[in-house]
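Visitor: Below is a structure I'd like to ask you about.
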Amino acid sequence: MAIRRIGVLTGGGDCPGLNAVIRAVVKAAILQHGWEVIGIEDGFEGLIEPGRTRQLTLADVRGLLPRGGTILGTTNRGNPFAFHKVIDGQEIVYDASHEVVEHIGQMDMDVLVVIGGDGSLSIALDLAQLGVPVVGVPKTIDNDLALTDVTFGFDTALDTATYAIDKLHTTAESHHRVMMVEVMGRNAGWIALHSGLAGGADVILIPEIPFTVEAICACVKERERHGAKFSIVVVAEGAAPVGGKQVFQHTGEGRAVPRLGGIADRIGRQIVVCSGKETRVTVLGHLQRGGSPSAFDRILATRFGTAAVRLAADGGFGHMVALQGTEIVPVPIGDAVRVPKRVDPQGEMVQTALDLGISFGQ
Ligand code: F6P
């Protein structure tokens, strides 16, 4: 199949490096192949509703490399297989996937490049099964996609979290307090584990290792006995106590996506009681998703974007680009989204932390 025009969209939560991928796709497609690139607005929604696409030229991607967010817009709600629409004031949910396929055909889009996490890539896979030639690019600050060592966005989120922990250290020490930092990551503890190590945390709580408040307090008191009158506790938003449940800000009724959040506040109040220490909680939230990508993420995003174009040229549809070791390789999207990548409680990173005396609340 001779490719003349490709579409590109960004889906799911925004993430540092999305614009760098868009730039790389546009540059490689135009400069190496002379293809036209169509930018699709707000994820898959832009393929359902009319007037939500635009041609992307080299001029459109100038200056994009350091810019956070996505110039195309994104959403974590526009699943075409369960699309929400308001008709005569009534919300209906219907399967709009055939409209998507039809629009892709009408726009003469020969390939669809989907830049997204597990949700968007699963949708891409379902579209591939309807005959759409898709190529995937893995993004997420959570780093929870399988078959790639790392996703772009993770490194920047990690920098932000580490910087925050460094800053909280000074108040922790000066006031002899327990300072808790809640970080993102959904059901994976990658951001908490890595930023906890990089920031010198004393306790790291991750979804993969259920904790008890008693164990956290024992660690705080043990430190006190050795003269360290403060403690830094990094908590992944998806962490949960032994036999207990995760804490949600929103459980996801109706159109809403379930939203984790609030675990640090809950444990913080319990730590005050059991340790007798003043405790403060900081929730980093969307600060971790914002801002300019790190140098590592800019390079990874650029490698992913150009590799996605090469993959499309080679007809590698149904695959996504991935980093394995030092190489960028194609992997089947189906294999990447089947089982999420989680922290191994028996793995070397956790062992490293344990060797330093860091507690996982066990
Ligand atoms: O998947 C990225 C992520 O930032 C998660 O870490 C977090 O749980 C979620 O998205 C937050 O989503 P929203 O932006 O919809 O609140």
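Here's the yes/no breakdown for (1) small (Gly, Ala, Ser); (2) buried (at least 23 other Cβ atoms within 10 Å of the Cβ); (3) touching an Asp or Glu at 6+ places or on another chain (Cβ under 6 Å); (4) part of a helix (DSSP H, G or I):
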{"position": "Val150", "(1), (2), (3), (4)": "no, no, no, no"}
{"position": "Thr156", "(1), (2), (3), (4)": "no, yes, yes, yes"}
{"position": "Lys167", "(1), (2), (3), (4)": "no, no, no, yes"}
{"position": "Thr170", "(1), (2), (3), (4)": "no, no, no, yes"}
{"position": "Leu193", "(1), (2), (3), (4)": "no, yes, no, yes"}
{"position": "Leu205", "(1), (2), (3), (4)": "no, yes, no, no"}
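Visitor: Which one of His84, His103 is within 16 Å of the ligand (Cβ to nearest atom) and either closer than 21 Å to Leu311 by Cα or open to solvent by 40 Å² or more (accessible area, probe 1.4 Å) (or both)? Spell out how you get there, then give the answer.
Guide: On the way: His103 fails: within 16 Å of the ligand (Cβ to nearest atom).
Step by step, each of His84, His103 is checked, and only His84 is within 16 Å of the ligand (Cβ to nearest atom) and either closer than 21 Å to Leu311 by Cα or open to solvent by 40 Å² or more (accessible area, probe 1.4 Å) (or both).
Visitor: I would also like to ask the following. Keeping to the range 219-259, report how many residues are within 12 Å of the ligand (Cβ to nearest atom), open to solvent by 20 Å² or more (accessible area, probe 1.4 Å) and of a type in the set (A, V, I, L, M).
Guide: Residues that pass the stated criteria total 2.
So that you can scan it fast, the table gives a plain yes or no per residue for (1) within 27 Å of Gly238 (Cα to Cα); (2) away from the ligand (no atom under 16 Å from the Cβ); (3) within 17 Å of the chain's Cα centre (by Cα); (4) without any contact (Cβ under 8 Å) to a residue 24 or more places away in the chain:
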position: Arg52; (1), (2), (3), (4): no, yes, no, yes
position: Ala59; (1), (2), (3), (4): no, yes, no, yes
position: Gly69; (1), (2), (3), (4): yes, no, yes, no
position: Thr74; (1), (2), (3), (4): yes, no, yes, no
position: Asn79; (1), (2), (3), (4): yes, no, no, no
position: Asp108; (1), (2), (3), (4): no, yes, no, no
position: Ile115; (1), (2), (3), (4): yes, no, yes, no
position: Asp126; (1), (2), (3), (4): no, yes, no, no
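Visitor: Look through Ala201, Ala164, Ala172 and report the one residue that is of a type in the set (A, V, I, L, M, F, W, C) and within 16 Å of the ligand (Cβ to nearest atom). It would help to see each step written out before you state the result.
Guide: Details: Ala201 fails: within 16 Å of the ligand (Cβ to nearest atom); Ala172 fails: within 16 Å of the ligand (Cβ to nearest atom).
Testing whether each residue is of a type in the set (A, V, I, L, M, F, W, C) and within 16 Å of the ligand (Cβ to nearest atom) leaves just Ala164.
Visitor: Can you name the condition, by its number, that Val37 falls short on among (1) touching a His at 6+ places or on another chain (Cβ under 6 Å); (2) within 18 Å of Leu311 (Cβ to Cβ)?
Guide: The one condition Val37 does not meet is (1).
Visitor: Which one of Ala264, Ala307 is touching an Asp or Glu at 6+ places or on another chain (Cβ under 9 Å) and open to solvent by less than 20 Å² (accessible area, probe 1.4 Å)?
Guide: Unique residue meeting the criteria: Ala264.
Visitor: Another question, if that's okay. Go through Val86, Val101, Val114 for me and flag whichever is out of contact with any His (no Cβ under 8 Å at 6 or more places or on another chain), within 26 Å of Gln288 (Cα to Cα) and of a type outside the set (Ser, Thr, Tyr).
Guide: Val114
Visitor: Return the residues of the range 128-155 that are within 16 Å of the ligand (Cβ to nearest atom) and β-branched (Val, Ile, Thr); say none if nothing qualifies.
Guide: Val137, Thr140, Ile141, Thr148, Val150, Thr151
Visitor: Take the conditions out of contact with any His (no Cβ under 7 Å at 6 or more places or on another chain), open to solvent by 20 Å² or more (accessible area, probe 1.4 Å) and away from the ligand (no atom under 16 Å from the Cβ) and apply them to Arg289. Does it pass?
Guide: Working: out of contact with any His (no Cβ under 7 Å at 6 or more places or on another chain): yes; open to solvent by 20 Å² or more (accessible area, probe 1.4 Å): yes; away from the ligand (no atom under 16 Å from the Cβ): no.
In short, no.
Visitor: Check the range 310-327 and report whether any residue there is in contact with a Gly (Cβ under 8 Å, 6 or more places away or on another chain) and open to solvent by 40 Å² or more (accessible area, probe 1.4 Å).
Guide: Filtering the range 310-327 down to residues in contact with a Gly (Cβ under 8 Å, 6 or more places away or on another chain) leaves 318-321.
Of the ones still in play, those that are also open to solvent by 40 Å² or more (accessible area, probe 1.4 Å) are 319.
Yes - at least one qualifying residue is present in the range 310-327.
Visitor: Identify all residues within the range 193-209 that are farther than 15 Å from Ser231 by Cβ and without any contact (Cβ under 8 Å) to a residue 60 or more places away in the chain; write none if there are none. Reasoning before the result, please.
Guide: Taking the range 193-209 and keeping what is farther than 15 Å from Ser231 by Cβ, we get 193-195, 197-198, 206-209.
Ser195, Ala198 - these are the residues of the range 193-209 that are farther than 15 Å from Ser231 by Cβ and without any contact (Cβ under 8 Å) to a residue 60 or more places away in the chain.
Visitor: Between residues in the range 1-26 that are within 17 Å of Leu121 (Cα to Cα) and within 16 Å of the ligand (Cβ to nearest atom) and residues that are modelled with pLDDT under 95 and open to solvent by 10 Å² or more (accessible area, probe 1.4 Å), which pairs lie under 7 Å by C-beta distance while being six or more apart or on different chains?
Guide: Gly12/Asn76; Gly13/Asn76
Visitor: Looking only at the range 172-191, how many residues end up being open to solvent by 40 Å² or more (accessible area, probe 1.4 Å) and within 20 Å of the chain's Cα centre (by Cα)?
Guide: 2
Visitor: Okay, next question. With (1) at pLDDT below 95; (2) touching a helix residue (DSSP H, G or I) at 6+ places or on another chain (Cβ under 9 Å) as the list, and His250 as the residue in question, which single condition is left unmet?
Guide: Here His250 clears every test but (2).
Visitor: Still on this structure: Among the residues of the range 172-191, which ones are touching a residue at least 40 places away in the same chain (Cβ under 8 Å) and assigned to a helix (DSSP H, G or I)?
Guide: Matches in the range 172-191: Ala172, Glu173, His175, Trp190, Ile191.
Visitor: Scan Arg177, Arg186 and give me the residue that is modelled with pLDDT of 95 or more, within 10 Å of the ligand (Cβ to nearest atom) and among the charged types (D, E, K, R).
Guide: On inspection, the qualifying residue turns out to be Arg186.
Visitor: What is the residue count in the range 114-128 for residues that are closer than 14 Å to His319 by Cβ and open to solvent by 10 Å² or more (accessible area, probe 1.4 Å)?
Guide: Here the count works out to 2.
Visitor: Same structure, new question: When residues of the range 21-69 are filtered for being assigned to a loop (DSSP other than H, G, I, E, B) and either of a type outside the set (Phe, Trp, Tyr) or surrounded by fewer than 17 Cβ atoms within 10 Å (Cβ to Cβ) (or both), how many remain?
Guide: 18
The values are calculated or read from the model by the stated rules, or taken from the named source; none is laboratory data. No experiment lies behind these values; they were computed from the predicted model shown. Neighbour counts run over all protein chains shown; Cβ positions are idealised from the backbone, glycine included. Heavy atoms of the whole protein, side chains included, go into the accessibility calculation; ligands, DNA and RNA do not. Shrake-Rupley method; radii C 1.70, N 1.55, O 1.52, S 1.80 Å.
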